[in-house]
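What follows is a set of notes on a single structure, which appears directly below.
Each reported figure results from applying straightforward, stated rules to the coordinates on display, with no laboratory input. It should be emphasised that the depicted structure is a prediction, and the values quoted were computed from it without experimental measurement. Neighbour counts are summed over all protein chains in view; Cβ atoms, including those assigned to glycine, are modelled from backbone coordinates with ideal geometry.
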Amino acid sequence: MGYIDLRSDTVTLPTQEMRDAMYKAEVGDDVYGEDPTVKRLEEMAANIMGKEDAMFVTSGTQGNQVSVMTHTHHGDEIILEERCHIITYEVGGIGYLSGVQVKTIRGINGIMDPKDILNAIRMEDIHYPKTSLICLENTHNRAGGTVTPLSNMKEVYQIAKEHDIPIHLDGARIFNAATYLNVDVKEIARYADSVMFCLSKGLCAPVGSIVTGSKEFIKKARKYRKMLGGGLRQAGILAAAGIVALEKMTKRLSEDHENARLLAEGLNSIKGIKVDMSTVQTNIVMSDISATGLTGAQLSSKLLDYGIKVNGAGDYNVRFVTHYYIKKDDINKVLHAINTIVKEQ
Ligand code: TLP
């Protein structure tokens, strides 16, 4: 059965063009630096982000973890937004792998106030750890795919530079942010020293993410990637799909954003469901269904009978994510199904 799958944009399958490119990919041993397709993807990714160098990694999580390891030393402190992916969904990796402690800041819609960041930076004192990194997330997943404006990123970047602290951007969905802001992705990437972005979410590649940064940063990061088992051999098979993702899939994301908006507006017209429209900016819709009398788990299990998959995001919240394989017609079907379920309640 073909489900309407709104659990995540990670569920997207590779397109036929990706499968063809994978089949034909020229490959070599990438640990020896001999895979021409990986090299091509890395060069392309560095250019697109306006950085000196880039590295293919197995996942967004590996990309974030390797980046934090590269920027920090054990015992340092790093500043992050309270609900960011690195803290919420990466298995405590930064504590385990990088041995850093965290200073979290509560953002509004995932956006930290630069003044709070400034206050969180440790001054030199025998008692204090060193603040060695600031992490940003744009778009912000848990806040509902919200976009951090360039003015905020610029201000944070200036504060960071004044204190000689690097910035890592979790840009898993940076192309969604660029689409919303209507800017070239470089305009976002310029306010970060390292940027991780995913090929395997809205861009439909089956596997892989990219870390970009200076030559020196990527050289060091390659060793940590190897340490974590991310030194792949004939990875060109995967990189070939990544190249198609960058060439073909980054410019169509406004369709997903429009569908998310349609869905959010429709949900708001169902009694008992609330979506804060100010957060519906890209391809994620966070809904509060508490007034329907259903929990997120109950709604998602009932939706399965209609061939629809969604993810609970807390007891009474449900997350919907639009992507390449969700069409306008699917949105109508989803709204109809939810309406029926809620009425029967
Ligand atoms: N997010 C996934 C889950 O892990 C929650 C999803 O379905 O949204 N940064 C951000 C902002 C992300 O949203 C994700 C994945 C990652 C990093 C990690 O990427 P992967 O899944 O490739 O490790």
Loop-resident chymotrypsin sites (Phe, Trp or Tyr not before Pro) in segment 10-90 with no more than 16 other Cβ atoms inside 10 Å, DSSP not H/G/I/E/B, are TYR89
Taking Lys and Arg as +1 and Asp and Glu as -1, residues besides GLY99 with C-beta under 14 Å from its C-beta add up to -1
With segment 202-283 reduced to its Cα atoms and the Debye formula applied, log10 I(q)/I(0) at q = 0.13, 0.19 1/Å amounts to -0.66, -0.90
Rounded to the nearest 500, the 222 nm mean residue ellipticity computed for the chain from DSSP H runs (n ≥ 4, each -39500 (n - 2.57)) alone is -12000 deg cm²/dmol
Answer in debye to the nearest 20: the dipole magnitude of the chain about its Cα centre, from +1 Lys/Arg and -1 Asp/Glu charges placed on Cβ, is 420 debye
The farthest towards the positive end of the charge dipole of the chain, of the residues THR212, MET286, VAL342, given +1 on Cβ of Lys and Arg and -1 on Cβ of Asp and Glu, is VAL342
The set of residues whose placed amide H lies less than 5 Å from the amide H of THR146, leaving out same-chain residues fewer than 5 positions away, is HIS140
Net charge (Lys, Arg +1; Asp, Glu -1) of residues whose beta-carbon lies under 14 Å from that of LYS309, LYS309 excluded, is 0
Projected onto the charge dipole of segment 13-250 (unit charges on the beta-carbon of Lys, Arg, Asp and Glu, signs +1, +1, -1, -1), the Cα from SER151, LEU228, GLY110 with the largest positive-side position is that of LEU228
A student asked for the Cα radius of gyration and Dmax of segment 252-344 in angstrom ought to give 12.0, 37
Connecting every pair of Cα atoms under 10 Å apart in the chain and solving the GNM, the largest mean-square fluctuation among ASP288, ASP256, ASP329 falls on ASP329
Filtering GluC sites (Glu not before Pro) in segment 208-315 by DSSP loop and by at most 15 other Cβ atoms within 10 Å leaves none
In debye to the nearest 20, the charge dipole size for segment 1-104, taken about the Cα centre with +1 at each Lys and Arg Cβ and -1 at each Asp and Glu Cβ, equals 300 debye
Output ordering of 80-86, 180-186 (per-residue mean of other Cβ within 10 Å, highest first) is 80-86, 180-186
With DSSP loop assignment and no more than 16 other C-beta atoms within 10 Å, the GluC sites (Glu not before Pro) in segment 87-175 are GLU124
Mean separation of Cα contacts under 8 Å (at least 6 apart) over the residue count of segment 252-344, i.e. the relative contact order in percent, is 30 percent
With label points set 7 Å from each Cα along the Cα-to-Cβ direction at VAL102 and LYS343, the distance between them in nm comes to 4.3 nm
For segment 8-103, the Kirkwood Rh over every pair of distinct alpha carbons, in Å, works out to 15.9 Å
Among ALA46, ALA297, ALA235, the residue with the largest mean-square fluctuation in a Gaussian network model of the chain built from Cα contacts under 10 Å is ALA297
Surrounding charge for THR282, neighbours by C-beta under 9 angstrom, Lys/Arg +1, Asp/Glu -1, total 0
Rounded to whole Å, √(5λ) for the Cα gyration tensor eigenvalues of the chain, largest first, gives 33, 26, 17
A convex hull over the alpha carbons of segment 1-53 yields, per residue, a volume in Å³ of 144 Å³
One would report the antiparallel percent of DSSP beta bridges in segment 13-250, rounded to the nearest 5, as 40 percent
GNM on the chain, Cα springs under 10 Å; top mean-square fluctuation among THR282, THR15, THR37 goes to THR15
Between the alpha carbon centres of segment 32-58 and segment 267-330 the gap in Å comes to 37 Å
